[in-house]
Amino acid sequence: MKRILFFLALATTFLPQAQARENIRELFKDNSAIIYTLNIRNFGAVDKNNDGIIDIDDGDIKGTFLNAKDKLKNLSYEGINTLYLLPITKTGKLKALGTAGSLYAIDSFDEIAPELDDLSNPKTVYEEAKEFVEEAHKNNLNVILDLPSCGSYDLSIKKPDWFLKDLNNKNEALIPADWTDVRLFKVYNEDKTLNQENLDNFKKFIDMAQNLGFDGIRADVAAIKPYEFWKELIDYSRKKDKDFLFLAEANPEWSNPASNGVSNYSSIDELLKAGFDSYYGSFSDFKNIKTKKEFDKKITQNLEILKRNKNKSIIGAFATHDQQAPSLRGKNYWNMILWLNTTLPLNSYFLDGFSYGDDFTYPYENKKAKKTYTDDEFYFVHSGMFDIFNFSAPIRQKHPEFRKNYLKALDFKERNSDLIKNGKFSLLKTNNDKIFAYSIINEDRELIVVGSLDENSSIKTEVTSKYLKKDHVFLSLNAKNIAKTEKNKMTLNLEPLEIQVYLISLASLRAM
């Protein structure tokens, strides 16, 4: 049998190519979004004394919209096409977590956090935010903004009628679950009608986002508000901008995270019917998946939701700011999250710091603070998670050797967008319950991805595909030990948590 060698430019090098900005709703629908999540608080900051905390009294430079915009061109050339900004609204300072207060403890629906203002510039913080979005658009980047779901304790004192009351203490607003620094908004009136004042507040947020030029929002814990709430808000937003995107932080497997105050927990189908374009998928607990059966169930569950809801999509929420850094489980697991994000039929998601394998462990973690802007005297953080509570330094380029593979994976997704968008997806059979495998195929290419869920042992396994030929050599995008092939079968050796990715040229095979 003649040996075939199939080459692509990305096999050896990454050649960045800036792409034209696409309609964001179409981008998501086609699973073509490559999302980069950042925090304006620290993205462009400068930590001169390298202690991990930004303190202007020490000569550090705080993060602002203006110094963040200087880094946008590089993101575009790397292959990113969508920016997702963690909340930029004014935050609460009472009963707070951390020395800056949680980004999600919203204290105003239409006020930008004043600390994001560049005081050396005569422009207002609103003008600076608008300039940031305009610069992103010039660099062919769409921008979505995070909409927090709950209010700060400060806001509950100023506007008590906006919040649900704690049944055990009617002088206090209700704390949802264990989110101690926020309070739960009142969605319904006593007669079960929507609380219009609350809805109007959320419309103020939409007005602010659209006036600043944002292309959509990500709705925090979207399912704790009902279908009719979102339907009215989404319809309101699209009267002004029909292409305004709505992304729901929602997982079909989550139980109600605010069950002590929310009885009408919305399903994914209800959210999509209300007008959401995309949701998170059931990947937030991916690290707990131990068998192929569990992996296949997650994939199938989401594919069935999308089959019921045409022109909707999911994002690869394997490693968001709410989850521990993949690099804490080692390079192989980090690599698995990377290639799942760029080969599954979904919109890719990357958190600032992921590309360098940042483990989000901080030298100041939970220590007493030198200075605080809240009533919390400690640098509160969730260990191993992205800091949303303090004025932290920019991400550390901890593992620059990871970056080459990151750029290769992004380049692969861009070059093969038609395959991921239009190809037929199939879960493949393996002969080991610790090994998952899937394929995407179109007229001229087949992508085969195989991964090990075993954390401790290397595994030899077999995967079948009717297009494989004996002695066939094909492009290995990501494998330490290249698979051996026979007719309809490939044999692989996988290290613990290793993922291997192969691309076959069917046109070459058919020419034999």
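Miscellaneous remarks
- Being open to solvent by 40 Å² or more (accessible area, probe 1.4 Å), modelled with pLDDT of 95 or more, touching a helix residue (DSSP H, G or I) at 6+ places or on another chain (Cβ under 8 Å) and among the aliphatic types (A, V, I, L, M) is true of LEU94.
- Just one of the listed residues (PRO400, PRO496) is farther than 30 Å from PHE28 by Cβ and open to solvent by 60 Å² or more (accessible area, probe 1.4 Å), namely PRO400.
- Scope the stretch 131-158; condition open to solvent by 50 Å² or more (accessible area, probe 1.4 Å) and on the phi > 0 side of the Ramachandran plot; matching residues: none
- On the stretch given as the stretch 116-130, residues that are open to solvent by 40 Å² or more (accessible area, probe 1.4 Å) and not in a loop (DSSP other than H, G, I, E, B) total 3.
- All positions within the stretch 412-437 that are in contact with a Gly (Cβ under 6 Å, 6 or more places away or on another chain) and buried (at least 19 other Cβ atoms within 10 Å of the Cβ): PHE436
- Count of the stretch 286-296 residues which are surrounded by 14 or more Cβ atoms within 10 Å (Cβ to Cβ), at pLDDT 95 or above and assigned to a helix (DSSP H, G or I): 4
- Test result for ASN311, within 18 Å of ILE420 (Cβ to Cβ) and surrounded by fewer than 16 Cβ atoms within 10 Å (Cβ to Cβ): yes
- When each of ILE224, ILE234 is tested for being out of contact with any helix residue (DSSP H, G or I) (no Cβ under 7 Å at 6 or more places or on another chain) and of a type in the set (A, V, I, L, M, F, W, C), the lone residue that passes is ILE224.
- Near pairs, Cβ below 7 angstrom, 6+ apart or cross-chain, from the stretch 185-205 (among the hydroxyl-bearing types (Ser, Thr, Tyr)) to any residue that is in a loop (DSSP other than H, G, I, E, B): TYR188/ASN195
- Filter result for GLU304 (closer than 21 Å to CYS150 by Cβ, open to solvent by 40 Å² or more (accessible area, probe 1.4 Å) and under 22 Å from the mean Cα position of the chain (by Cα)): no
- Considering residues of the stretch 474-512 that are within 35 Å of the chain's Cα centre (by Cα) and of a type in the set (Val, Ile, Thr) only, the residue modelled with the highest pLDDT: ILE499
- The residues of the stretch 375-399 that are of a type in the set (Ser, Thr, Tyr) and modelled with pLDDT of 95 or more, listed by number, are TYR379, SER392.
- Test: residue in the stretch 421-442 that is under 21 Å from the mean Cα position of the chain (by Cα) and either among the charged types (D, E, K, R) or in a helix (DSSP H, G or I) (or both): yes
- Note on the stretch 25-43: residues that are open to solvent by 10 Å² or more (accessible area, probe 1.4 Å) and in a loop (DSSP other than H, G, I, E, B) total 3.
- Which listed residue is open to solvent by 40 Å² or more (accessible area, probe 1.4 Å), acidic (Asp, Glu) and out of contact with any strand residue (DSSP E or B) (no Cβ under 9 Å at 6 or more places or on another chain), from ASP376, ASP359, ASP322, ASP387: ASP322
The values are calculated or read from the model by the stated rules, or taken from the named source; none is laboratory data. As the structure is a prediction and not an experimental result, all values here were calculated from the model. Please note: Cβ atoms are built from the backbone with ideal geometry, for glycine as well, and neighbour counts cover all protein chains shown. Heads up: the accessible areas ignore ligands, DNA and RNA and are worked out on the full protein's heavy atoms, side chains in. Shrake-Rupley method; radii C 1.70, N 1.55, O 1.52, S 1.80 Å.
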